[in-house]
Each structure stands twice: as C-alpha cells, then as structure tokens.
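Single-structure report; data block below.
The values are calculated or read from the model by the stated rules, or taken from the named source; none is laboratory data. Note that the coordinates shown come from a computational prediction; the quantities given were computed from them, not determined experimentally. Reconstructed Cβ throughout: ideal geometry from the backbone, glycine too, with neighbour counts over all protein chains shown.
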Amino acid sequence: MTKERQLLEMINRIKSNDGPYTHSDPYRPAYHLSPPFGLMNDPNGLLYFKGRFHVFFQWNPFGTDHRTKVWGHFSSTDLLHWEGHPPALVPGEWYDRNGCYSGSAIEHDGKMYLFYTGNVKKLNGERESYQCLAISEDGIHFEKKGPILHVPKGYTSHFRDPKVWRHNDHWYMVLGAQSDAFQGRAVLFSSTDFCHWQMLGPIAGSHWNHSGDLGYMWECPDFFHLQGKDILLFCPQGLEPKGMNYNNLYQSGYLAGRWIPGTNHYEHGEFRELDRGFDFYAPQTFVDPKMRRILIAWMGMGDENERYHPTVEKGWIHALTLPRELKVIGDHLYQTPIDEIQNLRRGEPIRLHIDMNRDHSEYSATISPHSEIIVHVHSLTSGPLEITIRNNIQFSYDTDHGIFTLRRKKFNGNQYESRQCMIGKLSKLQIFLDSSSVEVFINDGQEVFTARFFADPEDHSFLIASDSQATVDLQIYSLLA
Ligand code: FRU
C-alpha cells in the first residue's frame, strides 16, 4: 500500500473512531491522550482557539518507531474529552520532506499560525532544518507557507522546536539548538510580521553566561512570565547522572530568572528537573481563557525501554501527561492537575481514616485501574511509609531523611528500577492512576513523579503500609472519561 493510501485509511479510521482502541487493550489509557495507532511523542501547538482547546502531537502513524513524523491533532471543549482530527501537517515539501518536527501555535487576526521545524535528511546522511509556518482559518485545515527562518551561523543543523509568543508589540521565538562547539543553547528571535525574524542571540546555554555543563543539545524550549519570574523550560541532552538527579536518558527542566524584553539578557538560577519519574519529556505550555499557565508533556522517553512496551505488539506506543497548572513558589515551579479532572470522579469514594502502628501496620483495598488516590499524612513519627499499586509501582517515603522513592517493575523482567528526590516533610500525595500510567503530585505539586507501567490486567491491588506510628486519611475515587 502506498503511504498516501495508508494515510487516507488512517484518517478514516480516526473519523469513524475505529482502530485498536480501548476495549481489547488493557493498557490503553482511559483519560490520557494516546495515539490511535503508531507512535506519539511531543505535544505541539497547544492553543485555545475559537472555543476549543487544540493539542497537536508528534506522530508516526506508520509504525512504533521514530521514522516519520506528522502533526496529529486532537481538540476538546473541556480538556477532558477529546476529538481526533486528520493530521494537520504531513511531510512532503522540500523543506519538511523527512518530518514535520515539533513546534507551537498562536492566534492572530482570527487565524491559527503553526510554527514547526521542517526536517530534511540528505542522501549523504547530513541533516537540514528549516523553521516553517502554516496557517489555518478553521483550526483544522492548514496551508503551508514554507520556511521563515534558516539555521544561523554559529549553530549546527540541530536547530529546532520553535515556541512563539507575543510580548507588547513584538513576536518572539525561542529555539532549541546546538552551537558549533556542540553546546546546548536556547536562541531567541523577534519579529513584527512572522516572516522576518531578527536574531537576539542565546538566552541561556551550556557553558554559557556562567552556566556549567548543561549538555550538548537542548530540545523543546518554552519561555514565559509567571508570577514575577521568567521561566525557561528546555530538555538538555548529555547530562551525566548526579546522585538523585539526571537519571533518565534525557532531562526536562527549567531555569527561573529575569528577562529584559527585546534583548537576550536573561539572569537565571540553577537548572532544576520538572518531574522526577521515568517518563516525562518535551513539555509545552499555553495560557487558557482562565489565564492559567497549563503544561502538557510527553509521558515517554526515547530510551531503550521503547522496545519493551507491550503495546508495540498492538501497534501503538506512548501517551501524554494530564494537563497541569503551573504556579511559582519562590524559585520553584509547582505543578497541580487542572481542577477539571475532578469531573472524572465517579460514584462515592472509599474514605478511610487509618491509624497504623507496629501491630496494625497495613491496609489493603481493591481499586479501579483508573483511580485518583489522595493521601493526607497527619503524623508519621519515623520509619518508612509505603504504597504499593498493582504489584508494579511502589512509592515510599523515608521520614528520617525526607526522601521520596518511586520503584517500578522493569518492562523486561521482574526486577525493579527506582527514582528518588528530597522532599522534606510529606503532608499530601495525590496519585492519578490510568490503565498503564501513574502521576503522583507530592505536597500539592512541590514534586511530581510520572511513570508508565504494565501490570497484570487482573491485578487491582492497593496496599498502604507503615511499621511506625502513622495517621493518614485516604480517599480513593474511580475515574472515567
Ligand atoms: C523531542 C524531539 C524534538 C523534535 C521531535 C521529533 O522529543 O526530538 O526535538 O522536534 O522530537 O519528533
């Protein structure tokens, strides 16, 4: 079958809501976005436009590898229930022949503007990249306008993922880049007409402007003002693990500081990771009509685990995180699930007040694979508090050292792997379980751990245990989209 026929068939399957969907697949998310088939990675072009929320995403509809990338497209009126649309951007022109890579969206004069990276691989293996524009009147059909920016001098062709926003009477674009000296950079441009872009220079980088080593390449930057801080999100590649930090193949994190608009002058603090779990990358943010700064990320990682996802056999892989609202506290970004998620709660919750001690040290329950679990910790004298979910995911809090640990069963075998971070005192956990994912928000978003996992579909077990003096309140809601 030709690629064009495959694409047409794919569009029709999306339209008729057919395909290897939920019912036959116990790992298909019930309330997270996942691709109808093929591979999903970065969220792109997040935008509220003419009454609907739009989420585009990097999509290989032809397989579960990273070869071809089109822009898949969902929209919604409530950020909970999503409708699939035909792909918005499909490679084919000389400037995007090998992939319509990541980018962003803005509204201007009633039209939607998409900015994306055209990826071109030449026969000799070299890469070219072009920052491109596509415009739509209705938010569904897009007209490509071609390249608006070429790779400037001083950078390799790893130059991509334009994020565009408006500040006063200028448009700004920040790009992820690699300098000629193989250092990661976030590079800033400005424009008044979308077609001519003036380079203002790097706003941050590895071994640049007092920063230490922050990797050989930065991907997917985002830059915004929130509650008195200018925040730069980006995904550095090439950081070595350092204790509890940087243990994934690639990182995703942020700098907080102060930017002088119209310049590339940006004073900032230390790099911090955004999420402490295994599966979080390429986040993007947008502002919704309630003026909330909302983040959605790829709930995945392009590491060797991709080979072992059991969903590959079913023709799909990966998902996106829940939409999360961002807040700034001090120099620290807090993330909380958007309030709308409460509308997914079904029926009466399980409510328990639990006093644990040496003689009475654990409580178990049977839970839906789609649940929200809230734990308020009232007192915990010393020793660990542990929560085990579906015999695959375990959270433990070490009271004496203030360390939180996520352990998950490896996708290939029975061993466990773990991620950790310091949280100080634990007062609250809010856990979102979907068929094959977990997101735990600690202390109202101070830290978040996100991970995929693949438990025995029949295993619905939940266990909370502590062998010291602990008093907790537990609420467990079933969720349904
Ligand atoms: C990040 C990324 C981007 C690129 C896209 C390609 O995951 O590598 O830098 O635009 O994915 O799918």
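A few remarks follow.
- The residues of segment 91-110 that are farther than 16 Å from Phe74 by Cα and within 15 Å of the ligand (Cβ to nearest atom), listed by number, are Pro91, Tyr95, Asp96, Arg97, Asn98, Gly99, Cys100, Tyr101.
- All positions within segment 68-95 that are under 25 Å from Tyr130 (Cα atoms) and of a type in the set (Ser, Thr, Tyr): Thr68, Tyr95
- Of the residues making up segment 267-275, none is in contact with an Asp or Glu (Cβ under 6 Å, 6 or more places away or on another chain), of a type outside the set (Asp, Glu), in contact (Cβ under 8 Å) with a residue 24 or more places away in the chain and within 16 Å of the ligand (Cβ to nearest atom).
- Cβ pairs under 6 Å, 6+ apart, first in segment 147-162 and under 11 Å from Ala186 (Cα atoms), second at pLDDT 95 or above and of a type in the set (Phe, Trp, Tyr): Arg160/Tyr101; Pro162/Phe115
- Of the strands (runs of 3 or more DSSP E) contained entirely in segment 144-237, those carrying at least 1 residues that are within 15 Å of the ligand (Cβ to nearest atom) fall at 155-167, 170-179, 184-191, 217-226, 229-237.
- Asp279, sole failed condition from (1) within 19 Å of the chain's Cα centre (by Cα); (2) in a strand (DSSP E or B): (2)
- Verdict on Gly257 being assigned to a loop (DSSP other than H, G, I, E, B) and surrounded by fewer than 22 Cβ atoms within 10 Å (Cβ to Cβ): no
- Of the residues making up segment 279-294, those that are closer than 18 Å to Pro29 by Cβ and more than 11 Å from the ligand (Cβ to nearest atom) are Asp279, Phe280.
Results for (1) at pLDDT 95 or above; (2) on the phi < 0 side of the Ramachandran plot, shown as yes or no for each residue.
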site	(1), (2)
Ile203	yes, yes
His207	yes, no
His210	no, no
Asp213	yes, yes
Leu232	yes, yes
Gly243	yes, no
Asn247	yes, yes
Tyr250	yes, yes
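- Test: residue in segment 421-432 that is in contact (Cβ under 8 Å) with a residue 12 or more places away in the chain and in contact with a His (Cβ under 6 Å, 6 or more places away or on another chain): yes
- Taking the numbered list (1) of a type in the set (A, V, I, L, M); (2) surrounded by fewer than 18 Cβ atoms within 10 Å (Cβ to Cβ); (3) closer than 24 Å to Met40 by Cβ in turn, Leu320 passes all entries but (2).
- Highlighted here are the strands (runs of 3 or more DSSP E) found entirely within segment 386-481 that include at least 1 residues which are acidic (Asp, Glu) and more than 26 Å from the chain's Cα centre (by Cα): 393-398, 470-479.
- All conditions but one from (1) outside any loop (DSSP other than H, G, I, E, B); (2) buried (at least 17 other Cβ atoms within 10 Å of the Cβ) apply to Asn248; the one that does not is (1).
- Residue, nearest to the ligand (Cβ to nearest atom), within segment 40-90, restricted to residues that are in a loop (DSSP other than H, G, I, E, B) and over 25 Å from Pro310 (Cα atoms): Val90
- Qualifying residue in segment 242-253 (condition: within 26 Å of Ile135 (Cβ to Cβ) and hydrophobic (A, V, I, L, M, F, W, C)): no
- Residues that are closer than 21 Å to Leu326 by Cβ and within 16 Å of the ligand (Cβ to nearest atom), drawn from segment 238-249: Asn248
- Output for segment 27-69, where each listed residue is in contact (Cβ under 8 Å) with a residue 60 or more places away in the chain, in contact with a helix residue (DSSP H, G or I) (Cβ under 9 Å, 6 or more places away or on another chain) and crowded, with 24+ Cβ neighbours inside 10 Å: Ser34, Leu39
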